[in-house]
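So the structure is just underneath, and the comments pick up after that.
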Amino acid sequence: MQRGHAICGLLRKSPLSTFAGGERVRLGAIAAERKPRGNLLPRSDSASSRECSIDPSQFYLCTRGKHTMAEYCKILDVPLAESDPVLLELIRKEKSRQVHGLEMIASENFTSLSVLECLSSCLHNKYSEGYPGQRYYGGNQFIDEVENLARKRALETFKLNPEEWGVNVQPYSGSPANFAVYTAICEPHGRIMGLDLPDGGHLTHGFFTATKKISATSIFFESMPYKVDPTSGLIDYDQLEANAKLFKPRVIIAGVSCYSRCLDYARFRKIADANGSYLFADMAHIAGLVAAGIVPSPFEYADIVSTTTHKTLRGPRAGVIFFRKGVRSVKPNGEKIMYDLESRINQAVFPGLQGGPHNNTIAGIATAMLQAQQPEFIEYQKQVVKNAQRLCEGLISKGYKVATGGTDIHLVLVDLTSTGEISAISGPKLPDFKNVISTNADVIAKIKSLRQEVEAFSENFPLPGYPTH
Ligand SMILES: Cc1ncc(COP(=O)(O)O)c(C=O)c1O
């Protein structure tokens, strides 16, 4: 079974299936599973190739030794510029857009050269279903070390005691991480409560509308949103408390995508405790700020914390789940109730929802977590918040309405329906707005001049990564 699996994998993953196929190659693949790679590499000495029953001219797995890759398969050794200039041109255009534009999307960031190097490393090639020390495939000794390093650094970054917290670094991104959390702790149609999406929550916090269950988290689980107070723009904790008392959710989600104030985790905890709910904090947006210690940390109160690693944390595009270990509660008779989140969450991620982890990304997480522990990172996060607050002041001074009157974090929520030179002409609807910016000569000229100003400003700042891609 295992060998068959490996054969399948090799035929699927290597160029053999594309270029060669046939019995000779399959025999080679069996040998690949059973013998050390070294025996299989095409060498000029014919003994090893005889041993593997492979025609060396058709065997493309070599990346070392005295032969170059191009001798075996040119297509594997050709840079993108040569092999696919059409695609490279698109990447370059995007690079140029990023260099010249002023990117102000709160969920985006520019990751570091080190992370980009991890992403395009050989770790990408390896299948490693399972967890360190418990893999389905052989050859995972270094992959295990990479994943363990990522786990260790993730805990260190948020100053967590490994006796009290564990972490899963395999989720492909934030949405699958959140789905894994519900899968782990909610039965099908179990009840969840998150901030409504129009109020600043995320899709994966159970979003649905009057006519459609939009997020799978509202299809497979029963979701009841909580809201912000329409006047203050702040989360209405009293309403959440009252509704939670009725709804008795299994999980209360404390997390935001578009809310500019720090969350009151202590209040969330109190509401969760009153209803026997898990408190799940999704700190995707603010993880960098939490790592730097400049906003309240959810770890003091939550049972589970998920995050993406590519927003303020500035790492690769991925998700991570932290879960509590040890004693969950003590009964009046002194009996201890232990957390069982580690096995539930690990099993929900794999094999529940995912297959092989993205090892190149996990390496990116490891190095991003190391960066997030540096004093420079703390300064960077402080500056991000200062910039956002300065932006608020500037916008308010120009007459814009900023929700909640300011920000505690990296994002600013501006009401563009009431103010703005173009909306004053177009009215609040997007199609009318688009029409004005594409037809009104005066507006077109102003946008052009603004674009030039923004591009000249943005070009002053370097972009991490390689200059060409
Ligand atoms: C709070 C929150 N959670 C989860 C996600 C989902 O992350 P991803 O886009 O990586 O699936 C986001 C994305 O913006 C988010 O803001």
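Name the residue, out of L116, L155, L123, L160, that is more than 16 Å from the ligand (Cβ to nearest atom) and either closer than 16 Å to Q354 by Cβ or open to solvent by 50 Å² or more (accessible area, probe 1.4 Å) (or both).
Only one candidate qualifies: L116.
Can you spot a residue in region 415-423 that is within 30 Å of E147 (Cβ to Cβ) and not assigned by TED's automatic domain parsing to the domain that holds G319?
The answer is no, given that none of the residues of region 415-423 is within 30 Å of E147 (Cβ to Cβ) and not assigned by TED's automatic domain parsing to the domain that holds G319.
As an exercise: evaluate D408 against (1) loosely packed, with under 12 Cβ neighbours inside 10 Å; (2) over 25 Å from V167 (Cα atoms); (3) modelled with pLDDT of 95 or more and give the number of the one condition it does not meet.
Going through (1) loosely packed, with under 12 Cβ neighbours inside 10 Å; (2) over 25 Å from V167 (Cα atoms); (3) modelled with pLDDT of 95 or more one by one, D408 breaks only (1).
Give P188, P198, P132 a once-over and let me know the one that is open to solvent by 70 Å² or more (accessible area, probe 1.4 Å), more than 16 Å from the ligand (Cβ to nearest atom) and not hydrophobic (A, V, I, L, M, F, W, C).
P188
Considering only residues that are without any contact (Cβ under 8 Å) to a residue 24 or more places away in the chain and out of contact with any Lys or Arg (no Cβ under 6 Å at 6 or more places or on another chain), which ones fall in region 198-228?
Kept after step one, since they are without any contact (Cβ under 8 Å) to a residue 24 or more places away in the chain, are these residues of region 198-228: 198, 207-215, 218-219.
Scanning region 198-228 gives P198, F207, F208, T209, A210, T211, K212, K213, I214, S215, S218.
Pull up region 419-469, narrow it to residues that are aromatic (F, W, Y) and touching a Leu at 6+ places or on another chain (Cβ under 8 Å), then point me to the one that is nearest to V115 (Cα to Cα).
Y466
Please verify whether region 235-252 includes one or more residues that are closer than 19 Å to G174 by Cα and in contact with a Gly (Cβ under 9 Å, 6 or more places away or on another chain).
yes
For region 298-321, which residues satisfy the criterion of being within 16 Å of the ligand (Cβ to nearest atom) and out of contact with any strand residue (DSSP E or B) (no Cβ under 8 Å at 6 or more places or on another chain)?
Those that are within 16 Å of the ligand (Cβ to nearest atom) and out of contact with any strand residue (DSSP E or B) (no Cβ under 8 Å at 6 or more places or on another chain): H310, K311, T312, R314, G315, P316.
Of all the residues that make up region 207-224, how many are within 13 Å of L197 (Cα to Cα) and in a strand (DSSP E or B)?
1
Considering each residue of region 237-264, count those that are in a loop (DSSP other than H, G, I, E, B) and either small (G, A, S) or more than 16 Å from the ligand (Cβ to nearest atom) (or both), and give that number.
Residues flagged as in a loop (DSSP other than H, G, I, E, B) and either small (G, A, S) or more than 16 Å from the ligand (Cβ to nearest atom) (or both) within region 237-264 amount to 6.
The values are calculated or read from the model by the stated rules, or taken from the named source; none is laboratory data. Not measured: the values here are computed from a predicted model. Backbone-built Cβ (ideal geometry, glycine too); neighbour counts: all protein chains shown. Note: accessible area is taken over every heavy atom of the protein model, side chains too, but ligands, DNA and RNA are not part of it. Shrake-Rupley method; radii C 1.70, N 1.55, O 1.52, S 1.80 Å.
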